[in-house]
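**Student:** The structure is given below, and queries will be raised subsequently.
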Amino acid sequence: MGYRLGVDIGGTFTDFALIDDESGRLTVYKQLTTPDDPARAVLEGLQAMLARDSVDIARLTSVIHGTTLVTNAVIERKGAPTGMLVSRGFRDVLDIAMERRYDLFDLRLVFAEPVVPRALRREVSERRAFDGTVMELLDTEGAVAAARDLVENRGIEALAICFLHSYADDSHEVAARDAVRAAFPDLFVTASSEVLPFMREYERWSTTTVNAYVQPLTNLYLSHLEAGLAGLGFQGSFLIMTSSGGTVTADTARRFPVRLIESGPAAGALMAALLGEMLAEPELLSFDMGGTTAKGALIRDGAPLRKYELEVARVHDFKAGSGVPLRIPVIDMIEIGAGGGSIAHVDERRLLAVGPRSAGADPGPACYGRGGAAATLTDANLALGYLVPEQFLGGRMALDPAAAERALDDGVGGPLEVASTRAAWGIHEVINEDVARAFREHASEIGFDYRQSAMVAFGGSGPMHALRIARKLRIPKVVFPAGAGVMSAIGLLATPLSFASLRSAPARLARLDANALTAGFAPLLDQARAQLGAAGIAGDALVLTRRLDMRYVGQGYEVEVELPEALAADAALARLPALFQTAYEAVFATSFLENEIEIVNWKVEARGPLPDLARNYRQPDIGARAAQDYPNTTVYFPERDEHLACPVLDRYALAPGAEVEGPALIQEDESTSVLGPGERATVDAYGNLIAELAEG
Amino acid sequence: MQRFDPISLKILWDRLVSIADEVVLSLVRTSFSINVREGYDLSCILFDHRGRMIAQGNYSVPSFTGTAPQTLAHMLRDCPPETLSPGDIVMTNDPWMGTGHLFDINVMRPVFRGDRLVGYTMSVTHLPDIGGAGMSSTCTEVYQEGLRFPVCKLAEKARMNQMILDLVRMNVRVPEQVIGDIMANVSCNEVGGRALLEFMDEYGLEELSGLSDAINDHAAAAMREEIATIPDGVYENAIQIEGIEAPIELAARIEVRGPDIAIDFTGTGGPVRASINVPFCYTQAQSYYVVKCLTIPSLPNNEGAVRHIAVTAPEDCILNAQPPWPTGGRHSVGHFIVPLLMGAMEQALPERVQADVSMMNVFSVKGHHRDGEEISSLFFLAGGFGALSGIDGRAVTPAPSNMTVVPTEIWENLTSMTVEKREILADSGGPGTWRGGSGQETVFRNDTGNLLDLALMGQRTEFPARGFAGGGDGALRRYLREGGEVDGKGRILLAPGDSVVMHEAGGGGFGDPLQRDLVEVQRDLDDGHVTAAGATRDYGCVVGAAGVIDAAATHDLRASRAGK
């Protein structure tokens, strides 16, 4: 047995988590992110950490990497010049898009631009019907000629090939792809049917173009890292985290870089699920709040909820509909524009509003003293006493309370004619409400009852707000995990190798026989086995899950049905109507309809063995150091409407079994947990701080 | 009276809106109707015990803006508060009490805290069917359009009235779905009532009326302040729109006096013998919507938000059609209230108004697949959005209501028709300093092997989306087939193998097109919104052989045109 290392690149820090698989000893490390060359921080931090912990790199069996590279490339539009070949007559699908307004009252709404501009799209003669039959043969020469024009005259480095109905038959796309590749071996080419053969051209093509767009830079980055790791003597496996909560090999990541989007938050949610497993809390809310956004995930039966849709790079106040839609397997996450940098202001309603605009890290909140004048959530939390100015980021950064107070008065208190403490409390509480609302609405959308569940709170700002939010949601228990600031890096260590995919192939149940059922899953199973086989996972180690999206014929809404493991095709077919009915009733709460049922999408999820983090897990060793003896501070609690004397405890000095009674601040380097008057928490065997909330 | 400082008011108000949104989401999740699921053709509202509206869910389409208080007043007139018990459910689908046509079911539930009435919740959804001839334009009276329920108790003390459910079941085409949707309304109101009571517990509120007054007064004050910034005056507009036999005249007069706006529709033509008449509640909702867009778009809907807006229309006009005029397709006339009022406000608020929108194209397709199975589907296509000062109208963007794209891959599966082409239609957006949104060209081929029957309900086929402030009009909506143009409100019988071409209308432009930035015109050329010929004709641009604008020559051409 050796060591495994998780590396997660964040906006400010690159986080490392190292586990000794033999002893279960877990250590963490942080290095400033190097935005100009993110690989540098990874390689430097890795060396520094291994040196600190006296671990020989030859003993490292795997490095699991989570990166925001792809997300940032789409948001900042730093991908490669990308071209697109489409079925004749359909060049404008990316512009026609959803034909839908995401806000009916704001007439100045804006939408994300497609990553492939119209001038770089070319039409190709070919056409298939919805059942896959050929209506017009592919003009292969025309496809190559169009690609040549784009390469030679437009300088494209990547190409997306998007034909209609390729989910039903991919041979035109494959033929065009192969011919173009033969002519231009250096061009990165993606066909829509390989990214996700999902029926709905706009979303599939949007996904395909984004995949092509980020392929060159992902390839360069991964090659750079692989070479760097090899140069240091690393001989283990290099794995990349995806948005679905599984890892893939670097080769798979190169083919499907779009799947790396939002992988950091996915690792955090996965870690929350793992904590839930250890604490026997199968129903959880994972709550992560940092500098600009808050992210939430709902965990049911020990696993984060998943879906096949995601929107990135929203251009209008984080509003759904203003971004680029993607169809990839993802952990279902809520994202709201609420974080430490969220700016408070008086809105057109003449009331307080917080976010979604953020002061970011630069200039940052007013209290950072870097020229920011706007009042932010961090300024409010400082004024309320939840942040202690001398202890911010482990004392590495001084905060200026007077600047915070000024900003609060100028931006909120003055215009609304309230005292600065009241303004600060308002800002804090508005964020609590916004987060609670996002959870409530998402739970309502999918029919999730969270009232007996627990919340896991992490990220730089999450633990400061968690108890108030939990009260609003009537959640009885909040877990403040040890290492809240590096949850995603630790989560990487809990992630199995996996590959999920989906294809659309409508089929009426009444006309389906066992052979057709088997055949429907076959290409997905083959692809999953090939992907994981290449990473050395086969036989019993491979876990396969088959799911179907089914609906009543003529209805627009599908429900997901999972086929019991290893059920033979004819038995599975016999069970399908009953499985569908159960799943349907869970959503619609209604009696059975005597309508015909059809399958729309076929899904396979394959994964390797789960890393044995749970059994081995213990409190991360943040680095031996003497317990800090912090002086008392004063903190505002609205129940008393005044600043109360409040002890500040060193999180690293709290041993398992320790009990804390509020009011108290529990300080760790990257976050502060806040307990109000009368609230209690205990430290469990893993080092988690657990607060139980009494009703009321 | 209780007092709430701005911080408490913000938090409590937003929570109430959030409760209404939560009700919406649970309704969407359990509804069968495609209109509800994809188009948010629904509304959820919270009231205090006096029937004063406190909050409405954010997601509703414009036709539900502020209609609910009147609906509730009608309900309470027929079922007074003292006759209500916990577990009662009151409903109606009367077009004149509800939201303008029989398809919309209004479901209300009183909320009791112990035995004290503290408020009401209400939901409205567009049902999949209501019997009768439905939305067919052949109806001449409301009686032909389906079932019409007066205010009635769907449940008394939590016991459903089986008679009403049976009546529905026996009179509609898809009974399971319709009953399912009615029950979705019933259960979402339970969700709302429960959330309202928990909210009161959490914040220690014995009743809602104090908070309701604070919220509504604050909203009214914000609106008052905003309306006061609009120059006082009388602003008028009259437009013509496509009718069934003859064009329909719509006229509006808006008077702004200090903090008040009065909107009147005198001069508007009379009702017609087709299902496009508009009950007044719908006219009022669209009017509120326009004022909201022009003042504080983000202000949550409530009683205070519309307190300073008075809407009137004479009883003999199509915008205040009385029973028994048919109203099933009231939106096809009612949607034009938006451009009508925007046009009136062009002089008063040039920086805020939107040039005319192009409306949606909805058509139905009936026929049979090759295997004989029936085809019956609706297709939706958007035209271009109207431009505003400072922002181009977006291509193919629906307005004033909403829709969602029908993917080609889905449509071909559903109908075995073939879509030959979907393309942004160059030169269709109204020229302007800010260009109107482009329409699109769509070509359908009948590959079903059988005759297909297309029923068209197109607008902007005679009267284009007008440009504002010197901007040009958008192109008209057109239906073409071999042999020529087809009437936009007619039928097309498409033989196997035949094609039909549809051109969606463009949105109106804003401002003088000769003032449009050359960078923008060049982008339009590159992105296919404008052809070289169009750039010269509409924008005074000289375009070289490579499709690049010649700046010097353009300068001269524009100067000579401006001189004329």
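The values are calculated or read from the model by the stated rules, or taken from the named source; none is laboratory data. Treat the numbers as computed from the prediction; the structure is a model and nothing was measured. Please note: Cβ atoms are built from the backbone with ideal geometry, for glycine as well, and neighbour counts cover all protein chains shown.
**Student:** In this structure, does B:Phe47 turn out to be more than 11 Å from chain A (Cβ to nearest Cβ), of a type in the set (Phe, Trp, Tyr) and in contact with a Gly (Cβ under 8 Å, 6 or more places away or on another chain)? Show your work before the answer.
**Tutor:** On the way: more than 11 Å from chain A (Cβ to nearest Cβ): yes; of a type in the set (Phe, Trp, Tyr): yes; in contact with a Gly (Cβ under 8 Å, 6 or more places away or on another chain): yes.
Considered against the rule, which asks whether it is more than 11 Å from chain A (Cβ to nearest Cβ), of a type in the set (Phe, Trp, Tyr) and in contact with a Gly (Cβ under 8 Å, 6 or more places away or on another chain), B:Phe47 comes out as yes.
**Student:** Give just the number: which of (1) of a type in the set (S, T, N, Q); (2) in contact (Cβ under 8 Å) with a residue 24 or more places away in the chain; (3) more than 14 Å from chain A (Cβ to nearest Cβ) does B:Thr83 not satisfy?
**Tutor:** The single condition B:Thr83 does not satisfy is (2).
**Student:** So, one more: Looking at B:Val17, B:Val36, B:Val23, can you tell me which residue is under 20 Å from B:Val291 (Cβ atoms), of a type in the set (Val, Ile, Thr) and touching a residue at least 40 places away in the same chain (Cβ under 8 Å)?
**Tutor:** Numbers: B:Val36 fails: under 20 Å from B:Val291 (Cβ atoms); B:Val23 fails: under 20 Å from B:Val291 (Cβ atoms).
Answer to the selection: B:Val17.
**Student:** Tell me the strands (runs of 3 or more DSSP E) entirely within segment A:453-528 that contain at least 1 residues that are under 30 Å from A:Ala541 (Cβ atoms). Steps first, please.
**Tutor:** Details: elements: A:454-458, A:477-480, A:498-508.
Hits in segment A:453-528: A:454-458, A:498-508.
**Student:** Let me ask you something else. Applying the selection to segment B:1-39, what residues are of a type in the set (Gly, Ala, Ser), within 22 Å of the chain's Cα centre (by Cα) and surrounded by fewer than 20 Cβ atoms within 10 Å (Cβ to Cβ)?
**Tutor:** The one that is of a type in the set (Gly, Ala, Ser), within 22 Å of the chain's Cα centre (by Cα) and surrounded by fewer than 20 Cβ atoms within 10 Å (Cβ to Cβ): B:Gly39.
**Student:** Can you find, within segment B:198-207, the residue that is nearest to the other protein chains (Cβ to nearest Cβ) among those that are surrounded by 14 or more Cβ atoms within 10 Å (Cβ to Cβ) and in a loop (DSSP other than H, G, I, E, B)?
**Tutor:** B:Leu205
**Student:** Taking into account only those residues within segment A:198-218 that are hydroxyl-bearing (Ser, Thr, Tyr) and more than 20 Å from B:Arg422 (Cα to Cα), which is farthest from the chain's Cα centre (by Cα)? Walk me through it before giving the result.
**Tutor:** Residues of segment A:198-218 that are hydroxyl-bearing (Ser, Thr, Tyr), as a first pass: A:202, A:206-209, A:213, A:218.
Narrowing further to those that are more than 20 Å from B:Arg422 (Cα to Cα): A:213, A:218.
Details: A:Tyr213: 20, A:Thr218: 18 Å.
The selected residue is A:Tyr213.
**Student:** Still on this structure: Of the numbered conditions (1) within 12 Å of another protein chain (Cβ to nearest Cβ); (2) surrounded by 24 or more Cβ atoms within 10 Å (Cβ to Cβ); (3) not hydroxyl-bearing (Ser, Thr, Tyr), B:Glu409 satisfies every one except a single condition; which is it?
**Tutor:** (2)
**Student:** Now for a different question. Here are A:Glu441, A:Glu429, A:Glu445, A:Glu405: which of them is under 28 Å from B:Val191 (Cβ atoms), part of a helix (DSSP H, G or I) and at pLDDT 95 or above? Steps first, answer last, please.
**Tutor:** Working: A:Glu441 fails: at pLDDT 95 or above; A:Glu445 fails: at pLDDT 95 or above; A:Glu405 fails: under 28 Å from B:Val191 (Cβ atoms).
From the options A:Glu441, A:Glu429, A:Glu445, A:Glu405, the qualifying one is A:Glu429.
**Student:** So, of the residues in segment B:269-316 that are over 17 Å from the mean Cα position of the chain (by Cα) and among the β-branched types (Val, Ile, Thr), which turns out to be nearest to B:Phe64 (Cα to Cα)?
**Tutor:** Ranking the candidates gives B:Val306 first.
**Student:** Against the conditions (1) surrounded by fewer than 18 Cβ atoms within 10 Å (Cβ to Cβ); (2) away from every other protein chain (no Cβ under 14 Å); (3) over 30 Å from B:Met345 (Cα atoms); (4) not acidic (Asp, Glu), where does B:Gly193 fall short? Just the number, please.
**Tutor:** (1)
**Student:** So which residues in segment B:1-35 are at the interface with chain A (Cβ under 8 Å from one of its Cβ atoms) and hydrophobic (A, V, I, L, M, F, W, C)? Can you show your working first?
**Tutor:** Step one: filter segment B:1-35 for residues at the interface with chain A (Cβ under 8 Å from one of its Cβ atoms), giving B:5-7, B:9-11, B:13-15, B:18, B:21-22, B:25-26, B:28-30, B:32, B:34.
B:Ile7, B:Leu9, B:Ile11, B:Trp13, B:Leu25, B:Val28, B:Phe32, B:Ile34, listed by residue number.
**Student:** Does B:Val291 count as within 14 Å of chain A (Cβ to nearest Cβ) and β-branched (Val, Ile, Thr)? Write out each step before concluding.
**Tutor:** Numbers: within 14 Å of chain A (Cβ to nearest Cβ): yes; β-branched (Val, Ile, Thr): yes.
Spelling it out, B:Val291 is indeed within 14 Å of chain A (Cβ to nearest Cβ) and β-branched (Val, Ile, Thr).
**Student:** Please go through segment A:31-50 and give me each residue that is without any contact (Cβ under 8 Å) to a residue 40 or more places away in the chain and small (Gly, Ala, Ser), ordered by number.
**Tutor:** A:Ala41, A:Gly45, A:Ala48, listed by residue number.
**Student:** Also: Any residue at all in segment B:465-474 that is under 30 Å from B:Ile391 (Cβ atoms) and surrounded by fewer than 16 Cβ atoms within 10 Å (Cβ to Cβ)?
**Tutor:** Within segment B:465-474, the first condition is being under 30 Å from B:Ile391 (Cβ atoms), and the residues that meet it are B:465-474.
The next check asks that each one be surrounded by fewer than 16 Cβ atoms within 10 Å (Cβ to Cβ); those that pass are B:470.
Yes, there is a match, as at least one residue in segment B:465-474 is under 30 Å from B:Ile391 (Cβ atoms) and surrounded by fewer than 16 Cβ atoms within 10 Å (Cβ to Cβ).
**Student:** Another question, if that's okay. If a residue must be among the polar types (S, T, N, Q) and crowded, with 17+ Cβ neighbours inside 10 Å, how many such residues does segment A:48-71 contain?
**Tutor:** The first filter runs over segment A:48-71 and keeps only residues among the polar types (S, T, N, Q), leaving A:54, A:61-62, A:67-68, A:71.
Now drop any that are not crowded, with 17+ Cβ neighbours inside 10 Å, which leaves A:62, A:67-68, A:71.
Number satisfying all stated conditions: 4.
**Student:** So which residues in segment B:389-398 are within 7 Å of another protein chain (Cβ to nearest Cβ) and either polar (S, T, N, Q) or surrounded by 21 or more Cβ atoms within 10 Å (Cβ to Cβ) (or both), if there are any at all?
**Tutor:** To start, the set of residues in segment B:389-398 that are within 7 Å of another protein chain (Cβ to nearest Cβ) comprises B:391, B:394-398.
The answer is B:Arg394, B:Ala395, B:Val396, B:Thr397, B:Pro398.
**Student:** Something else: Being small (Gly, Ala, Ser), farther than 14 Å from B:Gly509 by Cβ and within 11 Å of chain A (Cβ to nearest Cβ) narrows it down to one of B:Ser376, B:Ser364, so name that one.
**Tutor:** Values: B:Ser364 fails: within 11 Å of chain A (Cβ to nearest Cβ).
One residue alone meets the criteria, B:Ser376.
**Student:** Every residue in segment A:398-430 that is β-branched (Val, Ile, Thr) and either more than 10 Å from A:Ala383 (Cβ to Cβ) or touching a Pro at 6+ places or on another chain (Cβ under 9 Å) (or both), please.
**Tutor:** Restricting attention to segment A:398-430, the residues satisfying the condition of being β-branched (Val, Ile, Thr) are A:412, A:418, A:421, A:427, A:430.
A:Val412, A:Val418, A:Val430 - these are the residues of segment A:398-430 that are β-branched (Val, Ile, Thr) and either more than 10 Å from A:Ala383 (Cβ to Cβ) or touching a Pro at 6+ places or on another chain (Cβ under 9 Å) (or both).
**Student:** Here are B:Met359, B:Met403: which of them is in contact with a Phe, Trp or Tyr (Cβ under 9 Å, 6 or more places away or on another chain), more than 10 Å from chain A (Cβ to nearest Cβ) and more than 27 Å from A:Arg508 (Cβ to Cβ)? Can you show your working first?
**Tutor:** On the way: B:Met403 fails: more than 10 Å from chain A (Cβ to nearest Cβ).
Only one candidate passes the filter, namely B:Met359.
**Student:** Report the residue count in segment A:413-424 for those that are within 12 Å of B:Asp5 (Cβ to Cβ) and either more than 7 Å from chain B (Cβ to nearest Cβ) or not in a helix (DSSP H, G or I) (or both).
**Tutor:** Of the residues in segment A:413-424, the ones within 12 Å of B:Asp5 (Cβ to Cβ) are A:413, A:416-419, A:422-423.
Those left that are additionally either more than 7 Å from chain B (Cβ to nearest Cβ) or not in a helix (DSSP H, G or I) (or both): A:413, A:417-419, A:423.
Residues that pass the stated criteria total 5.
**Student:** Right, here's the next one. Within segment A:518-540, track down each residue that is within 26 Å of the chain's Cα centre (by Cα), over 12 Å from A:Ser498 (Cβ atoms) and touching a residue at least 24 places away in the same chain (Cβ under 8 Å).
**Tutor:** The answer is A:Leu524, A:Leu525, A:Gln527, A:Arg529, A:Ala534.
**Student:** Filter segment B:208-254 down to the residues that are modelled with pLDDT of 95 or more and assigned to a loop (DSSP other than H, G, I, E, B), then identify the one that is nearest to the other protein chains (Cβ to nearest Cβ).
**Tutor:** My answer is B:Thr229.
**Student:** Right, something else. Check segment B:363-370 and report whether any residue there is in contact (Cβ under 8 Å) with a residue 12 or more places away in the chain and in a loop (DSSP other than H, G, I, E, B). Walk me through how you get there before you give the answer.
**Tutor:** Narrowing segment B:363-370 to residues in contact (Cβ under 8 Å) with a residue 12 or more places away in the chain: B:363-370.
Narrowing the set further to residues that are in a loop (DSSP other than H, G, I, E, B) leaves B:369-370.
Among the residues of segment B:363-370, at least one is in contact (Cβ under 8 Å) with a residue 12 or more places away in the chain and in a loop (DSSP other than H, G, I, E, B), which makes the answer yes.
**Student:** Using the structure shown, decide if A:Val456 is touching a Phe, Trp or Tyr at 6+ places or on another chain (Cβ under 9 Å), of a type in the set (Val, Ile, Thr) and either modelled with pLDDT of 90 or more or surrounded by 21 or more Cβ atoms within 10 Å (Cβ to Cβ) (or both).
**Tutor:** Working: touching a Phe, Trp or Tyr at 6+ places or on another chain (Cβ under 9 Å): yes; of a type in the set (Val, Ile, Thr): yes; either modelled with pLDDT of 90 or more or surrounded by 21 or more Cβ atoms within 10 Å (Cβ to Cβ) (or both): yes.
Yes: the conditions hold for A:Val456.
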